[in-house]
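Working notes for the structure below.
The values are calculated or read from the model by the stated rules, or taken from the named source; none is laboratory data. The structure displayed is predicted, hence computed values, not measured ones. Here the Cβ is made from the backbone with ideal geometry for all residues, glycine too, and neighbour counts use every protein chain on show.
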Amino acid sequence: MEEKYLAAKQKLERYHQEHLLNYFDKLSEEEKIELLDDILTIDFNQMEELYELTKKEESFKNSKIEPIAYVEKAKLSKEERQKYTQIGEDIIRAGKYAVVTMAGGQGTRLGHDGPKGTFDIGLKSHKSIFEILCDKMKEARDTYHVDIPWYIMTSEENNEDTIHFFEDHQYFGYPKECVSFFVQGKLPMIDPEGKVLLTEKGTVKQAADGHGGVFESMRRNGIIYDMLSRGVEWTFIGLVDNVLAKLVDPILIGLTIDRKVLASGTSIVKRDPTERVGVYCKRDGKPGVVEYTEITKEMSEARDENGELYFGEANMLCNLFSIKVLDDIANNKLPYHKAFKKAKYIDSKGNLIVPEKPNAYKFETFLFDAFESLDDMAILRVKREEEFAPVKNAEGSDSPETARKLYEDYYHLN
Ligand code: UTP
């Protein structure tokens, strides 16, 4: 331990982060080891680069942005629908399909004490979000008579609680051996002076590194390998917080395979030019997403001859990937984005600070930044009221109340 301590101290001196050892003596043996291990494994060079990022406005590459082609599910002919369904169902029945649910977020806006998936959105059944999603897995199992592997990405913060929740609820009746959890990567949080924060326990304050971390953490945790060994060829990756997400949609699979592309995504029509959503686009000829913070007013308001927004295919973060591209994507470094968030921490005098407004930076990568490594993608436009009911905020738009209403309307529960 002494040697480790000295190595950590020297490392911290190099990066002007000595304060991290201020409370060392007050920590338990276990916490001491955790703190030293963290310090010795953190890439402080990277943290310095990320700190530089906090001083800059987010800059966007000067790229050529064009609309992307899409297929509208509701307008498929009977033949197309049958063809795609057939292709997709063959894949699912043959055990070549898996689902990944990203549930590593902090859910700060919702403010629920626990993983977002454990939240009860207020249905009469009081099902949690995890159970709502699991219902879709069970339905597919009954329909296709196959156990679809379900991988759930957690974060270090919520991994244990998530697993306990599944255990306590007997995996909601889904075969336990088909459910796996994997923990995503994390990065230290820093204050506006670039100092790494300490947790209430005196260890390094780290936060999940964004949904873009899914690829790298799938590789690091052997998930891609596990999928390959089970014969999986196509993987759906979606968010935990959309209670109407179609986790198993043969049409999306069929369309993707028929188009001979290696990835696809569903979109919904952007409500109006000001809606704060990213939209699918072609960026320098490659598929991508243009964020609402990046798009110009002119571009966001432009309409085609039918009066539809030119850039109107809102990204719902529901994507399908061929297993063939997952490894390549995982090898690409995605750019980091900063977010200024509220974070409890211990200050230099040893006081616990519970901020009322954002006080610290966290750094995240975004899943859709990975699209540019693909040549093309299929985009399937779906109906908002059928496939999109997000739970983001505690109240107002995209809240448990709006999601519950959408869910109840869709399933005719009232
Ligand atoms: P968001 O960033 O919209 O939501 O992530 P959040 O993290 O749950 O909540 P806020 O922003 O703190 O209020 C969208 C989805 O991506 C997952 C989340 O679990 C959510 O399903 N996600 C996000 C991760 O799995 N890991 C992350 O690091 C970030």
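What residue, of 104, 95, 88, is touching a His at 6+ places or on another chain (Cβ under 9 Å) and surrounded by 13 or more Cβ atoms within 10 Å (Cβ to Cβ)?
Details: 95 fails: touching a His at 6+ places or on another chain (Cβ under 9 Å); 88 fails: touching a His at 6+ places or on another chain (Cβ under 9 Å).
Step by step, each of 104, 95, 88 is checked, and only 104 is touching a His at 6+ places or on another chain (Cβ under 9 Å) and surrounded by 13 or more Cβ atoms within 10 Å (Cβ to Cβ).
Across the range 107-125, what is the number of residues that are part of a helix (DSSP H, G or I) and either in contact with a Ser or Thr (Cβ under 6 Å, 6 or more places away or on another chain) or away from the ligand (no atom under 16 Å from the Cβ) (or both)? Spell out the reasoning first.
First, the residues of the range 107-125 that are part of a helix (DSSP H, G or I): 116-118.
Cutting the leftovers down to either in contact with a Ser or Thr (Cβ under 6 Å, 6 or more places away or on another chain) or away from the ligand (no atom under 16 Å from the Cβ) (or both) gives us 118.
Counting residues in the range 107-125 that are part of a helix (DSSP H, G or I) and either in contact with a Ser or Thr (Cβ under 6 Å, 6 or more places away or on another chain) or away from the ligand (no atom under 16 Å from the Cβ) (or both) gives 1.
Residues of the range 273-306 being loosely packed, with under 14 Cβ neighbours inside 10 Å and touching a helix residue (DSSP H, G or I) at 6+ places or on another chain (Cβ under 9 Å), which ones? Before the answer, list the steps.
Residues of the range 273-306 loosely packed, with under 14 Cβ neighbours inside 10 Å: 274, 276, 284-285, 293, 296-298, 303-306.
Passing the criteria: 274, 284.
In the range 128-142, what residues are over 17 Å from residue 168 (Cβ atoms) and touching a Phe, Trp or Tyr at 6+ places or on another chain (Cβ under 7 Å)?
Applying the first criterion (over 17 Å from residue 168 (Cβ atoms)) to the range 128-142 yields 135-142.
Passing the criteria: 137, 138.
Yes or no, residue by residue, for (1) modelled with pLDDT of 95 or more; (2) over 19 Å from the mean Cα position of the chain (by Cα); (3) part of a helix (DSSP H, G or I):
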| site | (1), (2), (3) |
| --- | --- |
| 298 | no, yes, yes |
| 386 | yes, yes, yes |
| 392 | yes, no, no |
| 401 | yes, yes, yes |
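Can you confirm whether residue 69 is in a loop (DSSP other than H, G, I, E, B), in contact (Cβ under 8 Å) with a residue 60 or more places away in the chain and away from the ligand (no atom under 16 Å from the Cβ)?
Judged against the criteria, residue 69 is a match.
Could you go through the range 263-272 and let me know if any residue there is touching a Cys at 6+ places or on another chain (Cβ under 7 Å), over 21 Å from residue 333 (Cβ atoms), modelled with pLDDT of 95 or more and surrounded by 24 or more Cβ atoms within 10 Å (Cβ to Cβ).
Step one: filter the range 263-272 for residues touching a Cys at 6+ places or on another chain (Cβ under 7 Å), giving 265-266.
Then keep just the ones that are over 21 Å from residue 333 (Cβ atoms); that gives 265-266.
Applying the additional criterion that residues be modelled with pLDDT of 95 or more yields 265-266.
Of the ones still in play, those that are also surrounded by 24 or more Cβ atoms within 10 Å (Cβ to Cβ) are 265-266.
Yes; the residues of the range 263-272 include at least one that is touching a Cys at 6+ places or on another chain (Cβ under 7 Å), over 21 Å from residue 333 (Cβ atoms), modelled with pLDDT of 95 or more and surrounded by 24 or more Cβ atoms within 10 Å (Cβ to Cβ).
Scan the range 48-56 and give yes if some residue there is within 16 Å of the ligand (Cβ to nearest atom), over 27 Å from residue 389 (Cα atoms) and touching a residue at least 12 places away in the same chain (Cβ under 8 Å), otherwise no.
Residues of the range 48-56 that are within 16 Å of the ligand (Cβ to nearest atom), as a first pass: 50.
Retained after the next criterion (residues that are over 27 Å from residue 389 (Cα atoms)): 50.
Okay, now just the ones that are also touching a residue at least 12 places away in the same chain (Cβ under 8 Å), so 50.
Yes, the range 48-56 contains a residue that is within 16 Å of the ligand (Cβ to nearest atom), over 27 Å from residue 389 (Cα atoms) and touching a residue at least 12 places away in the same chain (Cβ under 8 Å).
Give the residue that is farthest from the ligand (Cβ to nearest atom), with candidates limited to residues of the range 79-106 that are free of Cβ contacts under 8 Å to residues at least 60 places away in the same chain and more than 20 Å from residue 143 (Cβ to Cβ).
79
To keep it simple, each residue is scored yes or no on (1) over 19 Å from the mean Cα position of the chain (by Cα); (2) under 19 Å from residue 104 (Cβ atoms); (3) modelled with pLDDT under 95.
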{"position": "284", "(1), (2), (3)": "yes, no, yes"}
{"position": "291", "(1), (2), (3)": "no, no, yes"}
{"position": "309", "(1), (2), (3)": "yes, no, no"}
{"position": "327", "(1), (2), (3)": "no, no, yes"}
{"position": "330", "(1), (2), (3)": "no, yes, yes"}
{"position": "343", "(1), (2), (3)": "yes, yes, yes"}
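Run down 130, 182 and say which single residue is among the aromatic types (Phe, Trp, Tyr), part of a helix (DSSP H, G or I) and either touching a residue at least 40 places away in the same chain (Cβ under 8 Å) or farther than 22 Å from residue 225 by Cβ (or both). Break it down into steps so the answer makes sense when it comes.
Details: 182 fails: part of a helix (DSSP H, G or I).
Matching residue, one of 130, 182: 130.
Take the residues in the range 203-240 that are in a strand (DSSP E or B) and more than 16 Å from the ligand (Cβ to nearest atom), then tell me which one is surrounded by the most Cβ atoms within 10 Å (Cβ to Cβ). Step through it out loud before you land on a result.
Initially, the range 203-240 is screened for residues in a strand (DSSP E or B), giving 204, 206-208, 234-239.
With more than 16 Å from the ligand (Cβ to nearest atom) added as a condition, the list becomes 204, 234.
Working: 204: 21, 234: 23.
Only one residue fits best here, namely 234.
For the range 363-375, does any single residue satisfy the condition of being at pLDDT 95 or above, surrounded by 13 or more Cβ atoms within 10 Å (Cβ to Cβ), away from the ligand (no atom under 16 Å from the Cβ) and not aromatic (Phe, Trp, Tyr)?
Yes: the range 363-375 contains one or more residues that are at pLDDT 95 or above, surrounded by 13 or more Cβ atoms within 10 Å (Cβ to Cβ), away from the ligand (no atom under 16 Å from the Cβ) and not aromatic (Phe, Trp, Tyr).
Kindly evaluate residue 58 against the criterion of being under 30 Å from residue 340 (Cβ atoms) and out of contact with any Phe, Trp or Tyr (no Cβ under 6 Å at 6 or more places or on another chain).
Values: under 30 Å from residue 340 (Cβ atoms): yes; out of contact with any Phe, Trp or Tyr (no Cβ under 6 Å at 6 or more places or on another chain): yes.
For residue 58, the condition - under 30 Å from residue 340 (Cβ atoms) and out of contact with any Phe, Trp or Tyr (no Cβ under 6 Å at 6 or more places or on another chain) - is met.
Let's see how each residue does on (1) farther than 21 Å from residue 27 by Cα; (2) of a type in the set (Lys, Arg); (3) away from the ligand (no atom under 11 Å from the Cβ):
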{"residue": "169", "(1), (2), (3)": "yes, no, yes"}
{"residue": "184", "(1), (2), (3)": "yes, no, no"}
{"residue": "188", "(1), (2), (3)": "no, no, yes"}
{"residue": "194", "(1), (2), (3)": "yes, no, yes"}
